[in-house]
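The values are calculated or read from the model by the stated rules, or taken from the named source; none is laboratory data. Every value quoted in this text rests on a predicted model; they were computed, and no experiment measured them. Neighbour counts run over all protein chains shown; Cβ positions are idealised from the backbone, glycine included. Surface accessibility is based on the protein's heavy atoms, side chains included, excluding ligands, DNA and RNA. Shrake-Rupley method; radii C 1.70, N 1.55, O 1.52, S 1.80 Å.
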Amino acid sequence: MKRLISVTVLVTVSVFASAAGHAGEIDDLRNAVETEDWAKAKSIGEALTGADGGSGEAYYLFGKALIGLKENEAAVAALEKANRLVKDNADYLADYGYALILRGQEMNMFQAGPVYMRAMDQYKAAVKADPDHLGAHIGLSRYYMNAPAIGGGSMKKAKEHAAQIARINPYMGHLEAALIAEKEKRFDDAIAAYDSAIALKSDEAWVYFKRGTLQQANGKVEDARASFEKTLAIDPDHSAAQAALAGLE
């Protein structure tokens, strides 16, 4: 009897020690992903998901690390497993959709079509799980904006999701409106949308640069000069703005 009790205690201690060890590792994985230490996150993720083990969160974080390393095919596999283990999590679904988009971009158009459609399904599921999920609405807006009609593309639907983005985050809504206006060749509207974004957040160099490129392309040379100069005031090493400004001389 004493031997049985002893064995039971040893097994119990071993189980709790293992659980504690994994808890520490998942914390390390979270921290590595949060700090974008992708190589470290991949190493920990591989250990936690080895032999088809691991939790849904481990696969999810592992997938994010693989995206960071541009290992998109492996990221798709990890995030697919995460979504099998954890149902109806908007973050998991949206990042799975994003990984599919990245993977599709590596394929020829015939291979990519079904992959992009799968991505759209993930974004839709994410919005269903959380109607306020910003990333999923952005994913759908970009999909509808850029996909051909035969693949479900629709500027009307892109604008519907852009409106949702604006409801959730007005700054991001203006940026999305600018992309849509540019896609439709409504360049003055696109510039105005960038103006509105800058009015809300005035420290993003790339937004000034993007506005400047549109202004330059539409003959607003002095406005473009001011935008490029503002870009460099925020980011003096912005090489594209340096080149663009030199080109105006």
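Okay, residues lined up against (1) more than 21 Å from residue 169 (Cβ to Cβ); (2) in contact (Cβ under 8 Å) with a residue 24 or more places away in the chain; (3) touching a Leu at 6+ places or on another chain (Cβ under 9 Å); (4) not in a helix (DSSP H, G or I):
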site	(1), (2), (3), (4)
181	no, no, no, no
189	no, no, no, no
192	no, no, no, no
197	no, yes, yes, no
206	no, yes, no, no
215	yes, yes, no, no
Residue under question is residue 222, and the condition is that it be out of contact with any Ser or Thr (no Cβ under 7 Å at 6 or more places or on another chain), farther than 30 Å from residue 119 by Cα and open to solvent by 40 Å² or more (accessible area, probe 1.4 Å); does it hold?
yes
Before we move on, is residue 47 hydrophobic (A, V, I, L, M, F, W, C) and without any contact (Cβ under 8 Å) to a residue 24 or more places away in the chain?
yes
Selection from the stretch 106-142 of residues that are within 23 Å of residue 182 (Cα to Cα) and either hydroxyl-bearing (Ser, Thr, Tyr) or over 16 Å from the mean Cα position of the chain (by Cα) (or both):
116, 141
Being more than 21 Å from residue 141 (Cα to Cα) and open to solvent by 30 Å² or more (accessible area, probe 1.4 Å) is the filter here; which residues of the stretch 68-94 pass it?
69, 70, 71, 73, 74, 77, 80, 84, 85, 86, 87
Would you confirm whether any residue within the stretch 102-109 is open to solvent by less than 50 Å² (accessible area, probe 1.4 Å) and touching an Asp or Glu at 6+ places or on another chain (Cβ under 9 Å)?
no
Matching residues in the stretch 28-46 - criterion: being open to solvent by 20 Å² or more (accessible area, probe 1.4 Å) and not basic (Lys, Arg):
28, 31, 34, 35, 36, 37, 38, 39, 43, 44, 46
Among the listed residues 199, 246, 224, 240, which satisfies the condition of being in contact with a Gly (Cβ under 7 Å, 6 or more places away or on another chain) and more than 12 Å from residue 178 (Cβ to Cβ)?
224
Got a sec? Which of 133, 161, 137 is touching a residue at least 40 places away in the same chain (Cβ under 8 Å) and farther than 30 Å from residue 232 by Cβ?
133
Mind telling me which of the residues 63, 54, 97 ends up being surrounded by 21 or more Cβ atoms within 10 Å (Cβ to Cβ), out of contact with any His (no Cβ under 7 Å at 6 or more places or on another chain) and farther than 27 Å from residue 172 by Cα?
54
Flag if residue 211 is farther than 30 Å from residue 155 by Cα and crowded, with 17+ Cβ neighbours inside 10 Å
no
Assuming residue 23 fulfils every condition listed in (1) farther than 27 Å from residue 144 by Cα; (2) at pLDDT 95 or above; (3) surrounded by fewer than 17 Cβ atoms within 10 Å (Cβ to Cβ) apart from one, which condition is it?
(2)
